[in-house]
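Note sheet for the following structure.
The values are calculated or read from the model by the stated rules, or taken from the named source; none is laboratory data. Note that the structure is a prediction, hence the values are computed from the model and not measured. Neighbour counts are summed over all protein chains in view; Cβ atoms, including those assigned to glycine, are modelled from backbone coordinates with ideal geometry.
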Amino acid sequence: MQKTIPNETINIQYDDTRSYQLKAISLPIYTGNYNPTNGVDQDCGGNQVGIYLAPVSNGMAVSGINGIGVKARINSFGPNIFFPINGPYTATTWTFTNLSWDIRIEKTGRVPSGGIISTRQLARFYQQNRKTGTNFIISTVSFSTNYRINVLSCSLKNSVPTINLGDWYDTQFPTVGSTSTNINIPITLNCMAGTNIKATVTSSKYEDTATGKLALTGPDSATGVAIQLLDKNNNPIKLNTLNSLQNNVPAGDYMFDWKARYIKTADNITPGTANASATVNIRYE
């Protein structure tokens, strides 16, 4: 009995390094009782044999996609007994009830790029008759031609921005916590639908990571002031921390809508240059 795994598309995140089961597929072979010996009970010195027809690596069939493997079993065996198997069968009654395939699509690590599972014929289950030198093929399972793994990610639409916060007098910051005008940070991604976006902001020098404050750097820097980064809701961005921005974004442009501003951090400000730099590391997981 030939069985075919129907076409499907599974989405995974580009930076997801976990190993776990992506999909469990049950394919009924026969409903009710089935006897491969045409109902004639006989001692053929038989074995129940399950083999992969595709190349095997680490106990799983190779899918043709790095980081994706496939396991197969027949439900007449124990719940965790996967192919390859070769077990003696001493009874003369070769009757299976409600026989079905159990196929597992396994993620074994990071998947750098997706594609179509190239394995066509996956596995075969048969009765091996040692005394008569014959085999009864019970079932073969194959993939359809378009079983796809999509790896979700985004691309940066614009170049690395340089933000000009303008020139300010110390008198424009009357108290600690006083700020300048918010200036937009133009970061835009073009994303595949379903992508999860996370970001970490790092810098060579921090004023306060919890409240998004970058310390000023460079010669002749001002004192008593820092640069603060805000998210789209005008909340301080935690620095050196993985921040979840949005899960399951729609296809198209995703705008960060972040802002930057000066903020007074001490009672007295010493005039000078007021520059800082930061790196935004974006992950899709």
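Of note:
- Scan of the stretch 127-145 for residues that are assigned to a loop (DSSP other than H, G, I, E, B) and closer than 18 Å to residue 26 by Cα, ordered by number: 144
- In the stretch 149-160, the residues that are in contact (Cβ under 8 Å) with a residue 24 or more places away in the chain and loosely packed, with under 13 Cβ neighbours inside 10 Å: 155, 156, 158
- Test: residue in the stretch 86-93 that is touching a strand residue (DSSP E or B) at 6+ places or on another chain (Cβ under 6 Å), in a loop (DSSP other than H, G, I, E, B) and closer than 14 Å to residue 25 by Cβ: no
- Candidate set: the stretch 55-69, residues that are in contact (Cβ under 8 Å) with a residue 60 or more places away in the chain and part of a strand (DSSP E or B); chosen: the one farthest from residue 143 (Cα to Cα): 68
- Filtering the stretch 83-90 for residues that are in the same structural domain as residue 6 (by TED's automatic domain parsing), at pLDDT 95 or above and either of a type outside the set (Val, Ile, Thr) or under 30 Å from residue 276 (Cα atoms) (or both) leaves a non-empty set.
- The stretch 188-204, residues that are surrounded by fewer than 14 Cβ atoms within 10 Å (Cβ to Cβ) and farther than 20 Å from residue 277 by Cα: 190, 193
- The numbered conditions (1) among the β-branched types (Val, Ile, Thr); (2) within 16 Å of residue 71 (Cα to Cα); (3) part of a strand (DSSP E or B); (4) modelled with pLDDT under 95 are all true for residue 105 except (4).
- Any hit, the stretch 166-187, residues being β-branched (Val, Ile, Thr), farther than 22 Å from residue 269 by Cα and surrounded by 14 or more Cβ atoms within 10 Å (Cβ to Cβ): yes
- Close pairs (7 angstrom Cβ cut-off, 6 or more residues apart or separate chains): under 30 Å from residue 112 (Cβ atoms) and of a type in the set (Val, Ile, Thr) in the stretch 19-47, assigned to a strand (DSSP E or B) and at pLDDT 60 or above anywhere: 25/5; 25/103
- Test for residue 79: is it loosely packed, with under 14 Cβ neighbours inside 10 Å and over 32 Å from the mean Cα position of the chain (by Cα): no
- Within the stretch 71-80, considering residues that are in a loop (DSSP other than H, G, I, E, B) and in contact with a strand residue (DSSP E or B) (Cβ under 6 Å, 6 or more places away or on another chain), the one modelled with the highest pLDDT: 75
- Residue within the stretch 126-148 that is hydrophobic (A, V, I, L, M, F, W, C), in contact (Cβ under 8 Å) with a residue 12 or more places away in the chain, closer than 24 Å to residue 13 by Cα and assigned by TED's automatic domain parsing to the domain that holds residue 32 present: yes
- Of the residues making up the stretch 132-149, not a single one is within 30 Å of residue 197 (Cβ to Cβ), modelled with pLDDT under 95 and not polar (S, T, N, Q).
- Residue in the stretch 23-34 that is at pLDDT 90 or above, within 22 Å of the chain's Cα centre (by Cα), loosely packed, with under 14 Cβ neighbours inside 10 Å and among the hydroxyl-bearing types (Ser, Thr, Tyr) present: no
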